[in-house]
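Worksheet: the structure to be examined is printed underneath.
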Amino acid sequence: MKLAEALQERADLNRKVQSLRDRLTSNCLVQEGETPAEDPAELLVELEESTDRLIDLMAAINRTNCATPLDGRTVTDVIAEKDGLNLKLSVLRQVIYEASQTARRATHTEIVVRSAVNVAALQKQADGLAKRIRLLDNSLQACNWTTELLED
């Protein structure tokens, strides 16, 4: 199995577990004399099987990411960089948004509000980060489709 396939299965299992949570909570209480729409015992078995597979899959994905080289680093290192850059980009975008809101007015007074940061420079920095993230993501995607998953 390719790493990309394992990542897709992991995403599917995460969605399934969330669905099972919702279905279990919807069927765990019933009025006396009624039966639930779905058998909670069966749902719990399905939850057990799904989480067991998810645990095995996550461990294999982590082992593979730690052992797979990508551009002179490990996939884990590239993912960490991408995650950190995404966090920074999120903050910059929020600052750009807030700094661009200079048309606010207070009631009964004319308060002039000016940006305390250079929005254009921050936007250029954010654009550069977004490009860097895209390139890292492209490298990761290519690697994921050529790397075999390290299973037990």
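The values are calculated or read from the model by the stated rules, or taken from the named source; none is laboratory data. These numbers were taken from a predicted model, which means no experiment stands behind them. Don't worry about glycine lacking a Cβ; one is built from the backbone with ideal geometry, like all the others, and counts go over all protein chains shown.
Filter region 116-152 down to residues that are acidic (D, E) and farther than 30 Å from D56 by Cα, then give me how many there are.
Adding up the residues that qualify gives 1.
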Taking the condition of being more than 15 Å from T147 (Cα to Cα) and either at pLDDT below 95 or part of a helix (DSSP H, G or I) (or both), how many residues in region 58-77 meet it?
3
Within region 91-148, restricting to residues that are over 30 Å from D77 (Cβ atoms) and among the hydroxyl-bearing types (S, T, Y), the one that is modelled with the lowest pLDDT is T107
Within region 48-57, the residues that are within 14 Å of M1 (Cβ to Cβ) and either among the aliphatic types (A, V, I, L, M) or within 17 Å of the chain's Cα centre (by Cα) (or both) are L57
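Select from region 81-97 the residues that are surrounded by 13 or more Cβ atoms within 10 Å (Cβ to Cβ) and either within 20 Å of N62 (Cβ to Cβ) or free of Cβ contacts under 8 Å to residues at least 40 places away in the same chain (or both) and list them in ascending order.
E81, K82, N86, L92, R93, V95, I96
With E48, E5 as the choices, which residue is assigned to a helix (DSSP H, G or I) and farther than 20 Å from Q141 by Cβ?
Residue meeting the stated conditions: E48.
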